Amino acid sequence: GVATAAAHSTFQRTALALGAPDTIAPKGLYIHGSVGVGKSMLMDMFYDVVQSESSPISRRRMRCHFHEFMLDVHQRIHAYKANHPRADPIPPIAAELAREARLLCFDEMQIVDIADAMIVK
């Protein structure tokens, strides 16, 4: 319908802005609301728009549940600290993640662990 077309147009503009070097793109967007109101659907629509061939970040995007993402980050931290016990693991792991994905779309984002909060900070 009209609302879907308007949302799609907004998502297209945002997706294009994320790849345009001369445009100041938003650094993040958090969608919140009650259960069943369409948060995941909106994120799926945005993610699909970014997948288009015209988007420069279509191959560098990741969509996952936040909990899965943080499990991966903790595994990377553990592996890094095994080889560099005195170094701060966050900067190199953040750089690695940035090389892997320019766009991260999290579903079910909820921070309940203080370690996760410190990592996300």
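Some values worked out for this structure:
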item: Breaking point among (1) under 30 Å from Val35 (Cβ atoms); (2) in a loop (DSSP other than H, G, I, E, B); (3) modelled with pLDDT of 90 or more, for Arg86; result: (1)
item: Considering residues of segment 62-87 that are touching a strand residue (DSSP E or B) at 6+ places or on another chain (Cβ under 9 Å) and among the hydrophobic types (A, V, I, L, M, F, W, C) only, the residue most open to solvent (accessible area, probe 1.4 Å); result: Met62
item: Residues satisfying the stated conditions in segment 98-121, i.e. open to solvent by 40 Å² or more (accessible area, probe 1.4 Å), of a type in the set (Asp, Glu) and farther than 25 Å from Met41 by Cα; result: Asp113
item: Number of the condition not met by Ala95 [criteria: (1) in contact (Cβ under 8 Å) with a residue 12 or more places away in the chain; (2) within 18 Å of the chain's Cα centre (by Cα); (3) open to solvent by less than 70 Å² (accessible area, probe 1.4 Å)]; result: (1)
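The values are calculated or read from the model by the stated rules, or taken from the named source; none is laboratory data. What you see is a predicted model, and the numbers here were worked out from it, not measured in a lab. We place every Cβ from the backbone using ideal geometry, glycine too, and count neighbours over all the protein chains shown. Heads up: the accessible areas ignore ligands, DNA and RNA and are worked out on the full protein's heavy atoms, side chains in. Shrake-Rupley method; radii C 1.70, N 1.55, O 1.52, S 1.80 Å.
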